[in-house]
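Take a look at the structure below.
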Amino acid sequence: MSNALDDLKRAEHRDWNARGPAWAKWAEPLAKLAERMNMPLVEAAALQPGLRVLDLASGAGEPALQIARAVGPSGQVVATDLADAMLEGAQRRAAAEGLAQMKTQVADMEALPFADAAFDRVTCRFGIMFAPDTAKALAEARRVLKPGGRAAYLVWGALEANSMFRAIDAAAREVLEGSLLDRPTHPFRFADGSLARHLADAGMEILEDRTVAYSPEIEAGQPFWRPQVEMMLADRLSTLDKGARAAFEAKVEANFAPYLRGGKYHLGAETRLVVGRRP
Ligand SMILES: C[S@@+](CC[C@H](N)C(=O)[O-])C[C@H]1O[C@@H](n2cnc3c(N)ncnc32)[C@H](O)[C@@H]1O
């Protein structure tokens, strides 16, 4: 691995470990919303009881928990992540629900610690963009899939189409002098539609490549943006004093003002679903 890619991987590992407690804290309050966002991915994975599924970059358990329910006690889900602190929420939630078919394991999606053809499905929600070497990560997904098995990825669409991130990123640029897009491994890396080409280059047959849009409406009067702020920026916020943090939050709140109509925030969100099959 080149030094630049190595440095990126180290930075991702460090920052996601710092964000782990925030993800564990907010996973349950956000579970219903997460399940709605998971639906296109879970449906595209064509799950059945008894399947063995590898979920990459599982974080605090999305969509691994939902998949574990779908494959049932005769199936298995291995929920993996580069950062062990991110998996703590996943582990706790699976135990609380008694999902014995789900286990967690630290794993870098660019170097998976699993045998060839070990899984029926590979899934990944909002994770593939953070692996510095995309070709390596997709080749690994193909390798661990059985012939005929599917890999399904959900990634973010453009920053401009995602009002939550747009408002938070504008505040980060103004107050923190940083951006969610500072690194090449940023959340919107595959908004350009290039993931399907990468997946085809890895030797997968493309089954789906489409945009999924949402129009969430949120009641005014609550800091609905706080979970996302803490989850995306926990590492940077921990360096701020009280005053600077308050200034940042005031800026975030102000950036949502244009979306407020009739007592509700009218937001937009856009994701991209890319599904491939190993021939
Ligand atoms: C935005 S979170 C998504 C978590 C979860 N899938 C969800 O949608 O809620 C991105 C996750 O990717 C993980 N990640 C980053 N680089 C990775 C890599 N090379 N291999 C596996 N996971 C990685 C991070 O640790 C983090 O948990």
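The values are calculated or read from the model by the stated rules, or taken from the named source; none is laboratory data. Note that the coordinates shown come from a computational prediction; the quantities given were computed from them, not determined experimentally. When we count neighbours, we look across all protein chains shown, and the Cβ atoms used for this are built from the backbone with ideal geometry, even at glycine.
Kindly provide the set of residues from region 69-114 that are in contact with a Lys or Arg (Cβ under 9 Å, 6 or more places away or on another chain), within 25 Å of residue 15 (Cβ to Cβ) and among the acidic types (Asp, Glu), ordered by number.
Within region 69-114, 108, 110 meet the criteria.
Do any residues in region 134-154 that are of a type in the set (S, T, N, Q) have Cβ atoms under 6 Å from those of residues that are in a helix (DSSP H, G or I), where the two are at least six apart or on different chains, and which pairs are they?
Correct list of pairs: 134/198.
Go through 196, 254, 234, 200 for me and flag whichever is at pLDDT below 95 and assigned to a helix (DSSP H, G or I).
Details: 196 fails: at pLDDT below 95; 254 fails: at pLDDT below 95; 200 fails: at pLDDT below 95.
Every option except 234 fails the conditions.
Examine region 164-178 for a residue that is of a type outside the set (Val, Ile, Thr), outside any helix (DSSP H, G or I) and at pLDDT below 95, and state whether such a residue exists. Steps first, please.
The first filter runs over region 164-178 and keeps only residues of a type outside the set (Val, Ile, Thr), leaving 164-167, 169-174, 176-178.
This time we only want the ones that are outside any helix (DSSP H, G or I), so: 177-178.
So of that shortlist, the ones also at pLDDT below 95 come out as 177-178.
Within region 164-178, one or more residues are of a type outside the set (Val, Ile, Thr), outside any helix (DSSP H, G or I) and at pLDDT below 95.
Based on what the data block shows, is residue 146 of a type in the set (Lys, Arg), within 16 Å of the ligand (Cβ to nearest atom) and at pLDDT 95 or above? Break it down into steps so the answer makes sense when it comes.
On the way: of a type in the set (Lys, Arg): yes; within 16 Å of the ligand (Cβ to nearest atom): no; at pLDDT 95 or above: yes.
Considered against the rule, which asks whether it is of a type in the set (Lys, Arg), within 16 Å of the ligand (Cβ to nearest atom) and at pLDDT 95 or above, residue 146 comes out as no.
Against the conditions (1) farther than 18 Å from residue 269 by Cα; (2) touching a residue at least 24 places away in the same chain (Cβ under 8 Å); (3) not in a loop (DSSP other than H, G, I, E, B), where does residue 229 fall short? Just the number, please.
Going through the list (1) farther than 18 Å from residue 269 by Cα; (2) touching a residue at least 24 places away in the same chain (Cβ under 8 Å); (3) not in a loop (DSSP other than H, G, I, E, B), residue 229 breaks only (1).
For the structure I just gave you, tell me whether residue 245 is surrounded by 14 or more Cβ atoms within 10 Å (Cβ to Cβ), without any contact (Cβ under 8 Å) to a residue 24 or more places away in the chain and in a helix (DSSP H, G or I). I'd like the intermediate steps shown before the answer.
Working: surrounded by 14 or more Cβ atoms within 10 Å (Cβ to Cβ): yes; without any contact (Cβ under 8 Å) to a residue 24 or more places away in the chain: yes; in a helix (DSSP H, G or I): yes.
Here the answer is yes, as residue 245 does meet what is asked.
Inside region 1-56, can you point out the residues that are among the basic types (Lys, Arg) and touching a helix residue (DSSP H, G or I) at 6+ places or on another chain (Cβ under 6 Å)?
Taking region 1-56 first, the residues among the basic types (Lys, Arg) are 9-10, 14, 19, 25, 32, 36, 52.
19 - this is the single residue of region 1-56 that is among the basic types (Lys, Arg) and touching a helix residue (DSSP H, G or I) at 6+ places or on another chain (Cβ under 6 Å).
Across region 102-120, what is the total count of residues that are within 15 Å of the ligand (Cβ to nearest atom) and either among the charged types (D, E, K, R) or without any contact (Cβ under 8 Å) to a residue 24 or more places away in the chain (or both)?
Residues in region 102-120 being within 15 Å of the ligand (Cβ to nearest atom) and either among the charged types (D, E, K, R) or without any contact (Cβ under 8 Å) to a residue 24 or more places away in the chain (or both): 3 in total.
Against the conditions (1) buried (at least 16 other Cβ atoms within 10 Å of the Cβ); (2) out of contact with any Leu (no Cβ under 8 Å at 6 or more places or on another chain); (3) in contact (Cβ under 8 Å) with a residue 60 or more places away in the chain; (4) assigned to a helix (DSSP H, G or I), where does residue 34 fall short? Just the number, please.
(3)
Give the number of residues within region 74-116 that are in contact with a His (Cβ under 6 Å, 6 or more places away or on another chain) and over 24 Å from residue 132 (Cβ atoms).
Of the residues in that region, 0 qualify.
Let me confirm something: among 12, 62, which residue is touching a Lys or Arg at 6+ places or on another chain (Cβ under 7 Å) and among the charged types (D, E, K, R)?
Just a single option satisfies the conditions, and that option is 62.
Output the residues belonging to region 38-61 that are surrounded by fewer than 19 Cβ atoms within 10 Å (Cβ to Cβ), assigned to a helix (DSSP H, G or I) and touching a residue at least 40 places away in the same chain (Cβ under 8 Å).
40
So, in region 62-104, of the ones that are of a type outside the set (A, V, I, L, M) and assigned to a strand (DSSP E or B), which residue ends up surrounded by the fewest Cβ atoms within 10 Å (Cβ to Cβ)? Please lay out each step first, then the result.
Step one: list which residues in region 62-104 are of a type outside the set (A, V, I, L, M), which gives 62-63, 66, 69, 72-76, 80-81, 84, 88-89, 91-93, 97-98, 101, 103-104.
Right, trim to assigned to a strand (DSSP E or B) and you get 76, 80-81, 103-104.
Values: 76: 19, 80: 25, 81: 28, 103: 16, 104: 24.
Selected residue: 103.
Exactly one of these conditions fails for residue 218: (1) surrounded by 16 or more Cβ atoms within 10 Å (Cβ to Cβ); (2) in contact with a helix residue (DSSP H, G or I) (Cβ under 7 Å, 6 or more places away or on another chain); (3) not in a loop (DSSP other than H, G, I, E, B). Give me its number.
The number of the failed condition is (2).
All but one of (1) modelled with pLDDT under 95; (2) touching a Gly at 6+ places or on another chain (Cβ under 6 Å) hold for residue 29; which doesn't?
Condition (2) is where residue 29 drops out.
Collect the residues in region 14-53 that are touching a strand residue (DSSP E or B) at 6+ places or on another chain (Cβ under 6 Å) and within 11 Å of the ligand (Cβ to nearest atom), keeping them in residue-number order. It would help to see each step written out before you state the result.
We begin by selecting, within region 14-53, every residue touching a strand residue (DSSP E or B) at 6+ places or on another chain (Cβ under 6 Å); these are 40-41, 44-45, 51-53.
Listed by number, the list holds a single entry, 41.
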